[in-house]
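Student: Below is a structure I'd like to ask you about.
The values are calculated or read from the model by the stated rules, or taken from the named source; none is laboratory data. The model shown is predicted, which means the values in this text are computed figures rather than measured ones. Positions of Cβ are generated from backbone atoms using ideal geometry, with glycine treated the same way; all protein chains shown enter the neighbour counts.
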Amino acid sequence: MTLFPLYLAICAVPAAAGMLFRPGAWYRGLDKPGWTPPDKLFPVIWAVLYVLMSLAAARVAGQPDNDLALGLWALQITISTLWSAVFFGLHRIRTGAVIIAVLWAAVLATTLAFLRQDMLAALMMTPYLAWGTFALALNISVLRRNPEAMPA
């Protein structure tokens, strides 16, 4: 677990992207489903997810033959960093949905790779997988409800 601070520091990159590209007037003006969480809930959810995924990675880092699992972890962190900039920064709802779909697949692959290494690490990734599923559904719903918000 000595690597936990390192993995948590790595999570600061997508967290910073989320802080730079926040929901603004554009997002507030979109038609969103009634099950959209309040904006203030997102940082709380992400803080919990970053701690869990960092703890999971630190556990796997202590296992032999962990290159694939940790490589997938790094991939999903990289993909996660893109979404806020694309969705909130560039207002690209469709591209955001594609990024979340790819992210979801990367998180699933990471979780399965972690399962081969450490059951508890895989369990720590499951809330992220659940959140990714929810986020993808929300992004798709926003996409469908706002066809006029698509850039030319």
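Student: For region 44-74, which residues satisfy the criterion of being farther than 18 Å from N139 by Cα and surrounded by fewer than 17 Cβ atoms within 10 Å (Cβ to Cβ)? Before the answer, list the steps.
Tutor: Within region 44-74, the first condition is being farther than 18 Å from N139 by Cα, and the residues that meet it are 44, 47-74.
Those that are farther than 18 Å from N139 by Cα and surrounded by fewer than 17 Cβ atoms within 10 Å (Cβ to Cβ): V44, A47, V48, V51, G62, Q63, P64, D65, D67, L68, G71, A74.
Student: OK, next. Are there any pairs with C-beta distances below 6 angstrom linking a residue in region 5-16 that is farther than 20 Å from W83 by Cβ and at pLDDT 90 or above to a residue that is of a type in the set (A, V, I, L, M) and not in a helix (DSSP H, G or I), with the two at least 6 apart or on different chains, and if so which?
Tutor: So the pair list comes out empty.
Student: Mind checking whether some residue in region 108-129 is closer than 19 Å to I10 by Cβ, among the charged types (D, E, K, R) and touching a Phe, Trp or Tyr at 6+ places or on another chain (Cβ under 9 Å)?
Tutor: no
Student: Follow-up. Does any residue in region 41-55 that is in contact (Cβ under 8 Å) with a residue 60 or more places away in the chain and more than 20 Å from P23 (Cα to Cα) come within less than 8 Å, Cβ to Cβ, of a residue that is aliphatic (A, V, I, L, M) and surrounded by fewer than 15 Cβ atoms within 10 Å (Cβ to Cβ) six or more places away or on a different chain, and which pairs are these?
Tutor: Partner pairs satisfying both residue conditions: L55/M1.
Student: Of the conditions (1) surrounded by fewer than 20 Cβ atoms within 10 Å (Cβ to Cβ); (2) over 12 Å from the mean Cα position of the chain (by Cα), V86 clears all except one; give me its number.
Tutor: Only one criterion in (1) surrounded by fewer than 20 Cβ atoms within 10 Å (Cβ to Cβ); (2) over 12 Å from the mean Cα position of the chain (by Cα) is unmet by V86, namely (1).
Student: Further, regarding this structure: Specify which of the listed residues (A149, A61, A57, A137) is of a type in the set (G, A, S), touching a helix residue (DSSP H, G or I) at 6+ places or on another chain (Cβ under 9 Å) and either under 23 Å from Y27 (Cα atoms) or modelled with pLDDT under 95 (or both). Don't jump to the end; show me each part of the working.
Tutor: Values: A61 fails: either under 23 Å from Y27 (Cα atoms) or modelled with pLDDT under 95 (or both); A57 fails: either under 23 Å from Y27 (Cα atoms) or modelled with pLDDT under 95 (or both); A137 fails: touching a helix residue (DSSP H, G or I) at 6+ places or on another chain (Cβ under 9 Å).
Checking each option against the conditions leaves just A149.
Student: Just to be sure, is L138 in contact with a Pro (Cβ under 8 Å, 6 or more places away or on another chain), in a helix (DSSP H, G or I) and surrounded by fewer than 21 Cβ atoms within 10 Å (Cβ to Cβ)? Can you show your working first?
Tutor: Details: in contact with a Pro (Cβ under 8 Å, 6 or more places away or on another chain): yes; in a helix (DSSP H, G or I): yes; surrounded by fewer than 21 Cβ atoms within 10 Å (Cβ to Cβ): yes.
Against the criterion (in contact with a Pro (Cβ under 8 Å, 6 or more places away or on another chain), in a helix (DSSP H, G or I) and surrounded by fewer than 21 Cβ atoms within 10 Å (Cβ to Cβ)), L138 qualifies.
Student: Do you know which residues across region 124-152 are within 16 Å of the chain's Cα centre (by Cα) and among the aliphatic types (A, V, I, L, M)?
Tutor: Across region 124-152, the qualifying residues are M124, M125, L129, A130, A135, L136, A137, L138, I140.
Student: Just need a number here: residues in region 100-119 that are in a helix (DSSP H, G or I), in contact (Cβ under 8 Å) with a residue 40 or more places away in the chain and not β-branched (V, I, T). Reasoning before the result, please.
Tutor: Step one: list which residues in region 100-119 are in a helix (DSSP H, G or I), which gives 100-117, 119.
Retained after the next criterion (residues that are in contact (Cβ under 8 Å) with a residue 40 or more places away in the chain): 110, 113-114, 116-117.
Still in the list and also not β-branched (V, I, T): 113-114, 116-117.
Final tally of qualifying residues: 4.
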